[in-house]
Amino acid sequence: MRVIALVSLIILVAGCSTLEKRMKSYVGSHRDHLIQRWGPPTQEAKLSTGGHSLVYVNTWGDGNGLYTCRKVFNTDEKEVVRSWTYSGCPLF
């Protein structure tokens, strides 16, 4: 049982690190570069700072239920990616 828990923890940390590295790699890039790589966002909203929030949503289901992965990139007024966040994303 301890081996399974350890392997699960390693997968969790590695997957999280990979997604974080991938998203972090766009900080400092123009939004067009992100869209060129990821395609058009699922949603987009204008921010009060003059930039935009680009939201990518993926939904899938399996025998255990319906899941949603939400990745958000925020740009400044020059449309340069400045921050990101994610929730509900698989870590593998």
### Members of segment 29-72 that are among the basic types (Lys, Arg) and not in a strand (DSSP E or B)
Arg31, Arg37
### Condition broken by Tyr26, with the remaining ones in (1) over 15 Å from the mean Cα position of the chain (by Cα); (2) in a loop (DSSP other than H, G, I, E, B); (3) not β-branched (Val, Ile, Thr) satisfied
(1)
### Summary
With the first residue restricted to segment 58-75 and required to be under 12 Å from Gly88 (Cβ atoms), and the second required to be among the hydroxyl-bearing types (Ser, Thr, Tyr) and exposed (fewer than 10 other Cβ atoms within 10 Å of the Cβ), Cβ contacts under 8 Å at 6 or more apart or on different chains are Cys69/Ser87; Arg70/Ser87
### Query
So, of the residues in segment 76-92 that are free of Cβ contacts under 8 Å to residues at least 60 places away in the same chain and within 12 Å of Val27 (Cα to Cα), which turns out to be surrounded by the most Cβ atoms within 10 Å (Cβ to Cβ)?
Val81
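Any read-out appearing in this document is the output of simple, stated calculations on the displayed coordinates, not a laboratory observation. It should be emphasised that the depicted structure is a prediction, and the values quoted were computed from it without experimental measurement. Cβ: placed from backbone, ideal geometry, glycine included. Neighbour counts: every protein chain shown.
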